[in-house]
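The values are calculated or read from the model by the stated rules, or taken from the named source; none is laboratory data. All values reported here derive from a predicted model rather than from experimental measurement. With ideal geometry, Cβ positions are generated from the backbone for all residues, glycine too; neighbour counts draw on all protein chains shown. Side chains included, ligands, DNA and RNA excluded: accessible areas come from the protein's heavy atoms. Shrake-Rupley method; radii C 1.70, N 1.55, O 1.52, S 1.80 Å.
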Amino acid sequence: HIAGVHMVDQSPIGKTSRSTPATYIKVFDEIRQLFAGLPTARMRGYTASRFSFNTDGGRCETCLGQGAIKLEMSFLPSSWLPCSECNGSRYNHQTLDITYNGKTIADVMSMTAAEAAEFFDAHPKIRHALRLLVETGLGYLTLGQPSPTLSGGEAQRIKLVTELSRTGATKGRRLREDQRGNFYLLEEPTIGLHMADVEQLIGILHRLTDEGHTVVVIEHNLSVIAEADYVIEIGPEAGAQGGQLVAAGPPEEVAQVQGSPTAPFLKPLLNL
């Protein structure tokens with residue numbers, strides 16, 4: 001029941017190299033529509049595109065919506081300086097005149113996902129996606145954070161949130177018999193995560209499998225390994241001394257394999 005392989009990457013989506021993470025695009029569509037529907041914005045004839053920093057009209061034209069100016073250095077690496085016109089807000093003054101509950105679109109962009117989820121609690125479509133970010137341990141990311149600043153693990157979890165939003169896995173629905181599940185391949189998604197966030201991520205992975213999808217995780221985190229239905233251990237060392245099948249099977253069986261580098265650490269975790 002594999003419909004396709006969903007590989008993950010860090011490719012920025014947008015018009016500039018400092019664009020917003022792709023997963024936020026749907027959320028931003030909803031936020032922009034919300035701002036465009038405010039009385040002052042409607043009176044001025046502003047559309048949703050007015051609140052995008054990637055298009056003409058609403059963005060700061062000095063920095064072209066990037067919030068910073070690239071300073072080219074002759075013998076040193078280029079650096080970015082805050083835009084003196086918009087002070088890093090990315091928008092022009094007319095756009096910033098529009099506020100929702102006392103916040104401009106620039107204020108919203110500077111919020112973390114956790115803060116924004118609470119701020120937009122009355123708007124289910126916005127709240128749902130933002131809460132998924134929080135549940136995958138990404139509540140600390142700001143909505144306007146440039147995608148090149150994301151780590152590999154963060155980028156993968158953002159893509160995972162996109163899939164969760166699309167499939168509705170958080171609702172506990174299971175695929176019908178005539179539907180095909182997806183195959184998700186993740187590489188080290190726990191990098192940089194606190195153990196509490198790892199537990200949240202594991203819960204998200206379980207949601208996908210409970211719905212009927214297949215998840216393959218390339219991972220060294222023992223907590224993730226212990227939760228897997230089936231483990232394939234490749235080793236025993238790295239590089240030229242690796243590449244051999246050391247063990248395969250449920251975690252409980254792998255923990256009993258003699259000669260497995262993972263077994264001594266996995267066994268106490270499984271209380272064996």
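To keep it simple, each residue is scored yes or no on (1) more than 29 Å from His213 (Cβ to Cβ); (2) part of a loop (DSSP other than H, G, I, E, B); (3) modelled with pLDDT under 55; (4) open to solvent by less than 60 Å² (accessible area, probe 1.4 Å).
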| position | (1), (2), (3), (4) |
| --- | --- |
| Ala3 | no, no, yes, no |
| Val8 | no, yes, yes, yes |
| Ser11 | no, yes, yes, no |
| Asp29 | no, no, no, no |
| Phe35 | yes, no, no, yes |
| Tyr46 | yes, yes, no, yes |
| Asn54 | yes, yes, no, yes |
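Does the range 222-234 include one or more residues that are open to solvent by 70 Å² or more (accessible area, probe 1.4 Å), of a type outside the set (D, E, K, R) and in a helix (DSSP H, G or I)? No, because not a single residue in the range 222-234 is open to solvent by 70 Å² or more (accessible area, probe 1.4 Å), of a type outside the set (D, E, K, R) and in a helix (DSSP H, G or I). Residues in the range 127-146 that are touching a Ser or Thr at 6+ places or on another chain (Cβ under 6 Å) and hydroxyl-bearing (Ser, Thr, Tyr): 2 in all.
If you take the residues in the range 65-124 that are of a type in the set (Asp, Glu) and part of a loop (DSSP other than H, G, I, E, B), which one is most open to solvent (accessible area, probe 1.4 Å)? That would be Glu72. Cβ separations smaller than 6 Å between residues 6+ apart or across chains give the following pairs from the range 135-164 residues that are part of a helix (DSSP H, G or I) and of a type outside the set (Gly, Ala, Ser) to residues that are open to solvent by 20 Å² or more (accessible area, probe 1.4 Å) and modelled with pLDDT of 80 or more: Glu135/Gln200. For Tyr100, the stated conditions hold: it is at pLDDT 90 or above, closer than 21 Å to Ala116 by Cα and among the aromatic types (Phe, Trp, Tyr). Is there a residue being surrounded by 15 or more Cβ atoms within 10 Å (Cβ to Cβ), assigned to a helix (DSSP H, G or I) and modelled with pLDDT of 85 or more anywhere in the range 238-258? Scanning the range 238-258, I find at least one residue that is surrounded by 15 or more Cβ atoms within 10 Å (Cβ to Cβ), assigned to a helix (DSSP H, G or I) and modelled with pLDDT of 85 or more, so the answer is yes. Taken over the range 166-219, the criterion of being more than 18 Å from Ala155 (Cβ to Cβ), assigned to a strand (DSSP E or B), touching a helix residue (DSSP H, G or I) at 6+ places or on another chain (Cβ under 9 Å) and modelled with pLDDT of 85 or more is satisfied by Thr214 alone. All of Thr209, Thr190 fail the test of being without any contact (Cβ under 8 Å) to a residue 24 or more places away in the chain, open to solvent by less than 50 Å² (accessible area, probe 1.4 Å) and closer than 14 Å to Leu160 by Cβ, apart from Thr209.
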